[in-house]
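Novice: Below you will find the structure I want to go over with you.
The values are calculated or read from the model by the stated rules, or taken from the named source; none is laboratory data. From a predicted model like this one, the values you see are computed outputs, not experimental measurements. Reconstructed Cβ throughout: ideal geometry from the backbone, glycine too, with neighbour counts over all protein chains shown.
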Number of protein chains: 2
Amino acid sequence: MAGHMSAEEFREHGKRVIDWIADYMAGIESYPVRSRVRPGEVRAALPAYPPERGEPFKRVLADLDAILLPGVTHWQHPSFFAYFPANTSGPAILGDLLSSGLGVQGMLWATSPACTELETVVVDWLAELLGLPEHWRTDARGGGVIEDSASSGSLVALLAAVRRAGRGRNTVYVSSQTHSSLEKAAAIAGIGSENVRVVDVDPDTLAMRPEELATVIERDRRDGATPTMVCATIGTTSTTAIDPVRRIGEICAEQGVWLHVDAAYAGVAAVCDELRWINDGVAEFADSYVTDPHKWLLTNFDCTVLWVADRAPLIDALSVVPEYLRNAATESGEVIDYRDWQIPLGRRFRALKLWAVLRWYGAEGLREHIRSGVAMADELAGWVRASEDFALLEPHPFGLVCFRPLWANLSETDADAATATLRERLNDSGELYLTHTKVGGRMTLRLAIGAPATTREHVRAAWQHIETEYRALRRMD
Amino acid sequence: MAGHMSAEEFREHGKRVIDWIADYMAGIESYPVRSRVRPGEVRAALPAYPPERGEPFKRVLADLDAILLPGVTHWQHPSFFAYFPANTSGPAILGDLLSSGLGVQGMLWATSPACTELETVVVDWLAELLGLPEHWRTDARGGGVIEDSASSGSLVALLAAVRRAGRGRNTVYVSSQTHSSLEKAAAIAGIGSENVRVVDVDPDTLAMRPEELATVIERDRRDGATPTMVCATIGTTSTTAIDPVRRIGEICAEQGVWLHVDAAYAGVAAVCDELRWINDGVAEFADSYVTDPHKWLLTNFDCTVLWVADRAPLIDALSVVPEYLRNAATESGEVIDYRDWQIPLGRRFRALKLWAVLRWYGAEGLREHIRSGVAMADELAGWVRASEDFALLEPHPFGLVCFRPLWANLSETDADAATATLRERLNDSGELYLTHTKVGGRMTLRLAIGAPATTREHVRAAWQHIETEYRALRRMD
């Protein structure tokens, strides 16, 4: 048998893997951005059954190159503009590697105190960097925690809100632009879809209409429901629209409803003073808030930070203490046991990667990264605005630019089909990757800028490619 | 500002981190197993505010050594016998490093086909290695998926069960020995604690009593409840007791109730033919099954595998498709989108680490690892059995040995306190780390063997240390 990999073997293979990744980083532009494999192709190239005898590690790397890489869509490619960015960075990768190497399990403070205490420190640091309120710091009534995703963060916020409101016919308030994870969270929590209210948005701004929210909450309360949570979004997934958090918060405060703020993508932009306005009303009114350093803040997945203004209902909702987890530190009440802040029991030492990122970049470096994304988006938006062939969706406060090609003489249905064809031709080219959404019922392209490797030249090349393909398609009509 | 870490800087710092981990592996026995820090000590040693300017990476490593390591409890230490093992291994760490380096997001097949297809392959491989039924393979009706934890795996199994049964007054059946995550899952899913039935266990085997289960289900059905899921455990957390899965499964089949099998710790032991008996009844009756390669199968956290016999209710329960995630591959029905098999939307390329482990070790190497843990537990149990000072809990089919020191002339309460004192003296020594449970109301020590670095000599030294400390305490009485 192969036996365990010794420390010396690990040293040797580990350095090869580091070289592999450094080479991948340096050569990433040689790959098509979006994988070209067909369904089943990767699987068919792999053995159907596991090996009986151990194999040398180099064969894993060889198959990674030969079989897996063609099936990889390169999220770190500088011309990846699809969905939202999923930033990695050198310090984040190395922080995560240290976490894997230590192999500690941070379910309780007692199971590795540094895992818990570093997490408390870095989420407090991040609150400071984003200008979030003092009372959310863990030395006050609130506190932050690293979750695997904003989906899970919003789910535990909902569970805390249900705990505070009490179980009944709980109703939850979203808009048509709210992330699908809120609908999923409600379903998981046993809140039927009939109790998820979709509040109207303003057709121009795509932001939730607060007066409509107030009306719906009042009606529900009269009907005997328990209005439980409103989700306001700062930077929706579809178009980065921003709900009027202050006005929504005032309504939540009047009505005694939990205000959850989903700032998964955009929240980290508040590292820049000039973007702090996005959090207007958050300090006064939000009960919970999520943002994802794993999207636009250089920390590889998974790293969502959830803060709560009051940690008591969260812990009440999620704490179960069997005998085999009892320990003196927990019983002293002096420590945080983060298992009570999340769905799973076990947890990695994820704070290490966020710590490495915040130290390597410093506040200055983080601001520079966000600013460069916003500036490139501004420049692209200028080109779109100046073009007679495209309609730009305004505003575009962050790194996402949404726009719609104009197809003269085509019906809306045919124009949308032509836009989808354009998107597929662009993506098939391997030169860039972008995705779509629907705005006002119309197929709209989304170009999200924010990968660390992306420069102005990549954005310019993408725009030229879009214009060229658009003209080619127009000629074919 | 520091700016992004270049590929060449990553190469340099990455190799230092690999060296750091290799040195940590080689020198791990120089640390006390359990951290000795007091609550707040690590936090107090770290700056309260983040740095304004970026710092060199070497300062992260310096603070890791100086500030964090004293706060780390060393789960990979060969004398770590607490809780259950949380295995890491060289190939797993490197597989996870590749995942971090690629930085892909596998929420959909389309967002990186290799991420999904490799996962399908490795969970099918693991099913083969464990002798799990053919119809659980992804090319049949069932399928497997990597979840972050057995807690989350059991939660999604419960949601699938609720989907199949329909929402109503759903009742869930556990025993007093079932893992606390099932109670938590029920709470999350909106199933009140009054609808979680705790079925009696046999006081000798600590296994669920099937006749009692049948009675409770029948009574609930008469009372208008919707019996929804039974959780049977193979290897309970407290003592590795095994519920009678076949008999429970027959009842579930008669009653139309979902059978979930929690084999989080022990399931991986079925890589060994001589331990396959633990899964008796699973193939015929289980609707879902979880086991954790991140406990005893050499794959670092997080890596739970959940299988379902029929994937339809799982996907029905968890699928929500917003416009911005629509794509041709999903609509073709030819691909798996694993986001519909889990709580979060986003997901890491976790299959890489399990793939690296299965290839490096091969089936032979995995069996050897499990067998060595079982053999060491057997040997320790022999010493305990031979001692007049300790009572051994039988049977001990896996790597966990439970035993109770005997304190002549002490009341049960005083004896339990003495056992707790013994545990703390042992753990304070830094020479080993073990935890406790209660069996029949009595404080009982748990010594879980299974870290890859553990040898017979470590187990022998632990036992000698336990005997010595016990005698010292006896003399003090």
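Novice: May I ask you to list the residues in region A:402-421 that are among the hydrophobic types (A, V, I, L, M, F, W, C) and buried (at least 22 other Cβ atoms within 10 Å of the Cβ)?
Specialist: Passing the criteria: A:402, A:403.
Novice: Next up: Within region A:123-138, is even one residue within 11 Å of another protein chain (Cβ to nearest Cβ) and over 25 Å from residue A:280 (Cβ atoms)?
Specialist: Checked region A:123-138: no residue is within 11 Å of another protein chain (Cβ to nearest Cβ) and over 25 Å from residue A:280 (Cβ atoms).
Novice: Applying the selection to region A:327-344, what residues are surrounded by 24 or more Cβ atoms within 10 Å (Cβ to Cβ) and facing chain B (nearest Cβ under 8 Å)?
Specialist: Hits for region A:327-344 are A:343, A:344.
Novice: In region A:196-289, which helices (runs of 4 or more DSSP H) lie fully inside it and hold 3 or more residues that are over 22 Å from the mean Cα position of the chain (by Cα), more than 27 Å from residue A:372 (Cβ to Cβ) and of a type in the set (Val, Ile, Thr)?
Specialist: The qualifying helices (runs of 4 or more DSSP H) are A:210-222.
Novice: Which ones in region B:293-326 are among the charged types (D, E, K, R) and either within 18 Å of residue B:143 (Cβ to Cβ) or more than 10 Å from chain A (Cβ to nearest Cβ) (or both)? Spell out the reasoning first.
Specialist: Taking region B:293-326 first, the residues among the charged types (D, E, K, R) are B:295, B:302, B:310-311, B:316, B:323, B:326.
Across region B:293-326, the qualifying residues are B:310, B:311, B:316.
Novice: Could you pull out the residue among B:302, B:292 that is farther than 21 Å from residue A:237 by Cβ and touching a strand residue (DSSP E or B) at 6+ places or on another chain (Cβ under 7 Å)? Full working, then the answer.
Specialist: Working: B:302 fails: touching a strand residue (DSSP E or B) at 6+ places or on another chain (Cβ under 7 Å).
None of the other options fit; the residue is B:292.
Novice: Residues B:450, B:373: which one is within 30 Å of residue A:53 (Cβ to Cβ) and in a loop (DSSP other than H, G, I, E, B)?
Specialist: B:450
Novice: In addition: Filter region B:367-401 down to the residues that are surrounded by 22 or more Cβ atoms within 10 Å (Cβ to Cβ) and more than 22 Å from residue B:452 (Cβ to Cβ) and list them by number.
Specialist: Result: B:384, B:393.
Novice: Here's another thing I want to ask about it. Among the residues of region B:123-150, write down those that are in a loop (DSSP other than H, G, I, E, B), at pLDDT 95 or above and of a type in the set (D, E, K, R).
Specialist: The one that is in a loop (DSSP other than H, G, I, E, B), at pLDDT 95 or above and of a type in the set (D, E, K, R): B:148.
Novice: Also, quick follow-up: Counting only residues that are of a type in the set (Asp, Glu) and at the interface with another protein chain (Cβ under 7 Å from one of its Cβ atoms), which one in region B:38-72 is nearest to residue B:454 (Cα to Cα)?
Specialist: B:55
Novice: Let me ask something else about it. Output the residue which, of all residues in region B:329-388 that are hydroxyl-bearing (Ser, Thr, Tyr) and under 24 Å from the mean Cα position of the chain (by Cα), is farthest from residue A:68 (Cα to Cα).
Specialist: B:372
Each row is one residue, and each column tells you yes or no for (1) free of Cβ contacts under 8 Å to residues at least 12 places away in the same chain; (2) more than 30 Å from residue B:317 (Cα to Cα).
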| residue | (1), (2) |
| --- | --- |
| A:111 | yes, yes |
| A:121 | no, yes |
| A:128 | yes, yes |
| A:137 | no, yes |
| A:155 | no, no |
| A:158 | no, no |
| A:175 | no, no |
| A:186 | no, no |
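Novice: Show the residue pairs that are 6+ apart or on different chains and have beta-carbon atoms under 8 Å apart, the first residue being within region A:400-414 and on the phi > 0 side of the Ramachandran plot, the second being surrounded by 20 or more Cβ atoms within 10 Å (Cβ to Cβ) and in a strand (DSSP E or B).
Specialist: If the second residue must be surrounded by 20 or more Cβ atoms within 10 Å (Cβ to Cβ) and in a strand (DSSP E or B), no pairs are left.
Novice: So if I check each of B:160, B:114, which one is of a type in the set (A, V, I, L, M, F, W, C) and in contact with a Lys or Arg (Cβ under 9 Å, 6 or more places away or on another chain)?
Specialist: B:160
Novice: Here are some conditions: (1) part of a helix (DSSP H, G or I); (2) over 16 Å from residue A:81 (Cα atoms). Residue A:378 meets all but one. Which one does it not meet?
Specialist: (2)
Novice: Something else now. Do we find a residue being surrounded by 17 or more Cβ atoms within 10 Å (Cβ to Cβ) and touching a residue at least 40 places away in the same chain (Cβ under 8 Å) anywhere in region B:197-207?
Specialist: Going residue by residue through region B:197-207, those that are surrounded by 17 or more Cβ atoms within 10 Å (Cβ to Cβ) are B:197, B:199, B:201, B:206-207.
Okay, now just the ones that are also touching a residue at least 40 places away in the same chain (Cβ under 8 Å), so B:201, B:206.
Yes, some residue in region B:197-207 is surrounded by 17 or more Cβ atoms within 10 Å (Cβ to Cβ) and touching a residue at least 40 places away in the same chain (Cβ under 8 Å).
Novice: Within region A:422-468, take every residue that is over 24 Å from the mean Cα position of the chain (by Cα) and polar (S, T, N, Q) and give me the one that is surrounded by the most Cβ atoms within 10 Å (Cβ to Cβ).
Specialist: A:429
Novice: Considering region A:308-338 alone, what residues qualify as being touching a residue at least 12 places away in the same chain (Cβ under 8 Å), outside any loop (DSSP other than H, G, I, E, B) and in contact with a Pro (Cβ under 9 Å, 6 or more places away or on another chain)?
Specialist: A:329
Residues are listed down the side, and each one gets a yes or a no for (1) touching a Gly at 6+ places or on another chain (Cβ under 7 Å); (2) of a type outside the set (Asp, Glu); (3) at pLDDT 95 or above:
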{"site": "B:9", "(1), (2), (3)": "yes, no, yes"}
{"site": "B:16", "(1), (2), (3)": "no, yes, yes"}
{"site": "B:20", "(1), (2), (3)": "no, yes, yes"}
{"site": "B:33", "(1), (2), (3)": "yes, yes, yes"}
{"site": "B:44", "(1), (2), (3)": "no, yes, yes"}
{"site": "B:52", "(1), (2), (3)": "yes, no, yes"}
{"site": "B:56", "(1), (2), (3)": "no, yes, yes"}
{"site": "B:85", "(1), (2), (3)": "yes, yes, yes"}
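Novice: Restricting to region A:73-104, what's the tally of residues that are more than 20 Å from the chain's Cα centre (by Cα) and either outside any helix (DSSP H, G or I) or more than 7 Å from chain B (Cβ to nearest Cβ) (or both)?
Specialist: Here the count works out to 3.
Novice: When you check residue A:170 against the structure, is it modelled with pLDDT of 95 or more, under 30 Å from residue A:227 (Cβ atoms) and facing chain B (nearest Cβ under 9 Å), yes or no?
Specialist: Judged against the criteria, residue A:170 is a match.
Novice: Same structure, new question: Within region B:51-68, is even one residue of a type in the set (Lys, Arg), assigned to a loop (DSSP other than H, G, I, E, B) and touching a Ser or Thr at 6+ places or on another chain (Cβ under 8 Å)?
Specialist: Checked region B:51-68: no residue is of a type in the set (Lys, Arg), assigned to a loop (DSSP other than H, G, I, E, B) and touching a Ser or Thr at 6+ places or on another chain (Cβ under 8 Å).
Novice: Okay, next question. Considering only residues that are under 30 Å from residue A:9 (Cα atoms) and touching a strand residue (DSSP E or B) at 6+ places or on another chain (Cβ under 6 Å), look in region B:345-398 and name the one that is farthest from the other protein chains (Cβ to nearest Cβ).
Specialist: Top of the filtered list is B:377.
Novice: For residue A:280, indicate whether it is surrounded by fewer than 24 Cβ atoms within 10 Å (Cβ to Cβ), over 28 Å from residue B:188 (Cα atoms) and without any contact (Cβ under 8 Å) to a residue 60 or more places away in the chain.
Specialist: Working: surrounded by fewer than 24 Cβ atoms within 10 Å (Cβ to Cβ): yes; over 28 Å from residue B:188 (Cα atoms): yes; without any contact (Cβ under 8 Å) to a residue 60 or more places away in the chain: yes.
When the stated conditions are applied, residue A:280 passes them.
Novice: May I ask you to say which residue of A:281, A:333, A:362 is modelled with pLDDT of 95 or more and out of contact with any helix residue (DSSP H, G or I) (no Cβ under 6 Å at 6 or more places or on another chain)?
Specialist: Result of the check over A:281, A:333, A:362: A:362.
Novice: Taking only region B:108-122 into account, find how many residues are part of a loop (DSSP other than H, G, I, E, B) and either at pLDDT below 95 or more than 9 Å from chain A (Cβ to nearest Cβ) (or both).
Specialist: 1
Novice: Test each condition in (1) assigned to a helix (DSSP H, G or I); (2) within 19 Å of the chain's Cα centre (by Cα); (3) of a type in the set (Val, Ile, Thr) for residue A:401 and report the one that comes out false.
Specialist: (1)
Novice: Given B:6, B:35, which one is facing another protein chain (nearest Cβ under 7 Å) and either in contact with a strand residue (DSSP E or B) (Cβ under 7 Å, 6 or more places away or on another chain) or hydroxyl-bearing (Ser, Thr, Tyr) (or both)?
Specialist: B:35
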